[in-house]
Structure formats: C-alpha cells, structure tokens
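No lab work stands behind these numbers, since they all come straight from the coordinates. For clarity, every value in this text was computed on a predicted model and none was experimentally measured. All Cβ positions, glycine included, derive from the backbone under ideal geometry; neighbour counts span all protein chains shown.
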Amino acid sequence: MIAVTAAAAPVVTLAPAAQAAPSGTPQLPQQPLLPSTPVDLMTTPRILPTPAPTSTVTMRVDAASGVNVRSGPSTSYGVVGGYRQGAQLTGTLTSNNWLKIAPNRFVAAWNLTRVGGGGGEQPDPAPSGVTQWMEASIGNVRSGPGLGHPVVTTMRKGTKVQGSWTSNGWLNIGGGKYISGTILTGTDPGGGGGGGEQPDPSPTRVTQWMEASIGNVRSGPGLGHSVVTTMRKGTRVQGSWTSNGWLNIGGGKYISRTILTGTDPGGGGGGGGEQPDPSPSQVTRWVNASMANVRSGPSTSYSIVGSKARGTRVTGTLTSNGWLKMSGSQYMAESVLTASDPGGAAPAPAPAPAPAPSQMRQLILNTAAKYVGTPYKYGGNNPQEGFDCSGYTKYVFAEVGLTIPRTAATQQAAVTPVSTPQPGDLVFFGSPAYHVGIYAGDGMMYDTGRPGVPTQYRAIFSGVSGYGRVSGVN
C-alpha cells in the first residue's frame with residue numbers, strides 16, 4: 001500500500017477492464033463491471049412516514065335532531081345514514097364546508113361543533129349575543145347577508161338560532177350562514193325543528209288535510225320538484241314529515257306543510273286528485289255563475305262545447321278532481337255549481353264566459369299553477385323566498401317571456417284595460433290597485449294575498465276594479 005499525504009495528488013486505481021491493454025492489442029470500449037452478486041447499499045431500508053391529512057378535525061353533532069350522512073358533499077347527494085346529537089366524528093373538511101368522515105360519507109359541518117383535532121378549514125363560531133327563532137314555515141339560510149347570496153340550507157318554524165345582527169338586518173349565525181331578520185322572532189313560536197340537513201326524529205305517520213283551494217303534489221320535498229298531481233281543499237292525506245317541512249305521502253309524492261292543516265277544514269269532501277270518489281252515484285247541482293262553460297273534459301285545458309245559464313239544473317257524477325260529468329264529453333267545474341237552487345237572486349258579479357285559451361294563455365295558466373302552495377312574503381320575488389301578489393304575477397309572466405312592472409299599481413297602469421277578460425289576463429282590486437291576480441276563467445283566479453295564506457287557486461272575491469291584458473298575450 002502506498003501512503004499518500006494530504007498534500008499529494010489523489011491516486012486513482014483503475015478497475016482491470018479500464019487499464020491500458022498490452023502494446024499491439026486492440027483497445028476495447030470500456031464497459032462498467034457489474035458485481036457477480038447484488039450489492040445491498042442500505043443494510044436497513046428507510047421508511048418515510050405518511051403525513052397526516054392537514055385538515056383532520058374532530059367535531060361533535062350539536063343539532064337536536066341529529067344529522068344526515070350523505071354520499072357526497074352537498075344536499076344533492078343521497079342520504080346514506082345519520083348520527084344523533086352528541087356523536088363525535090373525525091374527518092377532513094372539504095372546501096365547501098362538509099366533513100368527509102369516510103369515502104362516500106359526508107356530513108354538513110354547519111350542524112357540528114369542533115371539539116379538537118388538527119388544522120384545516122372549519123366554520124366560524126357563531127357570534128354570540130342574540131337569540132332568535134325561525135318564524136316562517138320554511139326559512140332560507142344564505143351564504144351572505146342579502147337575497148343575492150345563494151341558499152345553503154333551510155330551517156323550519158321554531159328553530160332556535162344565535163348570532164349577531166349585521167348592519168343591514170341579517171343575523172350572522174356563524175359558519176358563513178345568515179338569516180334575514182324579516183323571518184325571525186325574538187320569542188319561541190313553537191313547532192320547533194331542524195334545518196334542511198337534520199333528519200326527522202322519527203317516521204311517525206300523521207294525518208293532514210289540504211287547506212288550499214287547489215294544492216300541488218310534487219315529486220320531491222321542495223318547490224324545485226315537478227308537480228305530479230293536484231288535490232282539492234279538504235282532501236285527507238297521511239304520511240311522515242321530512243326535515244324541511246314537507247309531508248311524504250308515499251309513491252314519490254310530497255306536499256308542502258304550508259298548504260296543509262291538522263284539522264279537517266270541511267267543504268272539500270275528501271276528493272282530491274290523489275284519491276277516487278267513494279262512489280259514482282248521481283248528484284244534482286245548479287249553475288251558480290251568471291253563465292258557466294261546459295267542456296269536453298274535466299279541466300280548463302279541454303275545449304268549450306257549450307254553456308249554461310245561472311239556475312240551470314244539471315245531474316251527473318263527480319270526478320276525482322271535482323268536475324261534474326254529465327255525459328261522456330260534457331263536464332262542468334264544481335266551482336261554478338251549487339248543491340241548492342240559487343233561485344232568482346241577483347247573480348254574483350262574474351265575467352262573461354271566455355273562449356278556449358290560446359297557447360300563450362294556457363302557458364300562463366300552467367305556469368301560475370306550478371307555484372300554488374308557495375308561501376306569502378311581503379316583497380317576495382321568487383318561489384325560494386316567497387311571493388307577494390305583484391311579485392307572483394311578475395315572476396309568472398317573466399317565466400313565459402313577458403315583462404311587466406313590479407307593483408300592482410304599475411302593472412295596472414301598464415296593461416290594456418279589457419271588459420271581457422280571458423284566462424291569462426290580470427285582475428285588479430282598487431284604483432290604483434292594491435292587489436292583483438291572474439284570471440283563470442270561470443270566475444276563478446291565481447293569486448297570493450296575505451301572510452299565512454300561500455299562493456292559491458280560488459274564486460274571485462268582491463272588489464274587482466278591472467281587468468287588464470299584458471302586451472304580447474293574444
């Protein structure tokens with residue numbers, strides 16, 4: 001071995017294949033030598049630790065009725081389970097404030113309270129100072145203090161909330177959630193319940209009756225679902241309440257709590273579109289309108305085949321949706337009939353019979369009927385927050401592509417007055433108008449009138465000041 005001092009140049013020893021070949025022997029390309037057996041460069045393998053998720057948190061269910069577990073991070077996903085109040089859940093928070101507790105299992109974080117765990121996003125604690133209760137039958141909770149912010153969930157009447165008032169009259173309840181002060185009260189109105197994410201405490205069946213004159217039955221528990229049929233006032237139904245205040249009557253059919261009552265209002269006879277008449281027995285009726293249409297089928301969508309004057313006696317059988325069938329192709333609406341002879345009394349004021357509605361007019365009536373059952377809200381402009389009278393008419397006409405002003409008085413000033421209204425025209429009360437509805441024919445109208453009474457189909461009451469035709473309606 002040759003000793004090399006620190007100052008000497010390093011000596012490099014070449015591997016045998018890399019040394020110079022004897023003189024006269026062709027030089028072969030240098031090749032790296034592989035060891036005859038594998039060389040273990042690390043006697044102990046290094047195992048890198050798996051980092052824990054940065055947003056792991058432990059949270060406790062604080063909703064009195066528990067919470068739903070959904071298959072994805074929004075209410076559009078299906079319910080796959082639930083947890084009771086007090087349960088502790090550990091998971092990671094998504095960017096839209098849902099707690100992922102396992103693959104395909106998510107819980108809305110605004111129903112939870114953090115009790116420990118790591119970092120990550122978590123909802124802001126609710127500011128303290130003010131206690132309120134939900135006063136509306138169904139109230140929207142929004143992502144910001146104004147109607148322009150999206151709805152993140154709903155709460156039922158009686159839900160208790162705490163927070164602090166914003167400068168524009170909204171209650172900040174924390175977690176990026178705000179409720180308008182117009183639908184809150186400082187005293188518990190009773191009838192408590194949870195928000196849109198809380199499951200029903202039990203599937204107890206209840207009995208209710210239709211309170212609206214004509215009520216929509218929808219394919220799901222919300223106004224965004226399609227109308228599958230209608231029911232008349234007094235129809236008896238049974239089912240269980242959903243967490244957002246709709247009655248699930250089975251068969252994929254739901255009715256809003258706002259158009260139901262726990263006591264039989266009478267006058268409906270129990271014959272809605274969802275249940276057959278008890279028997280096809282003959283009944284006798286008299287025409288109560290000054291002039292009533294006879295149609296080829298049991299709804300206003302059928303053509304007019306004749307008319308009958310006030311006091312005319314008619315017989316037939318009642319259909320399940322309240323029409324009198326006089327023959328195979330002659331029907332009259334129950335709303336223009338009475339069970340007793342009206343005699344020679346002066347007829348109630350009613351517009352002359354109208355011809356069959358045009359395609360545009362029928363579209364207006366169909367659109368108006370879609371929102372029967374929507375709660376009344378002063379200043380309301382859409383079915384999500386509720387309607388007042390002119391907000392309802394403006395919304396219906398906008399949906400069919402026609403623009404009218406916002407208030408009853410300005411709508412009255414903008415239309416063309418008519419003395420012989422047709423279905424789809426506007427009907428006004430007062431001058432300037434303080435109320436407006438959509439004329440539906442046969443002395444009926446669609447309107448929304450006052451707090452506690454939802455949008456409905458009903459007989460026109462006294463006080464009509466005139467009718468008006470919107471530009472674009474032929």
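Things worth noting here:
- Net charge of Cβ neighbours under 12 Å - reference Gly391; Lys, Arg +1; Asp, Glu -1: 0
- Summary value for segment 346-474: 30 percent relative contact order, contacts being C-alpha pairs under 8 angstrom separated by 6+ residues.
- Partners of Lys233 within straight-line reach, counting lysines whose Cα lies under 27 Å from its Cα and excluding those fewer than 8 residues away in the same chain: Lys157, Lys253, Lys308, Lys325, Lys370, Lys377, Lys394.
- Taking a ≥ b ≥ c as the square roots of the eigenvalues of the Cα gyration tensor, segment 369-474 is rounded, since a/c falls below 1.5.
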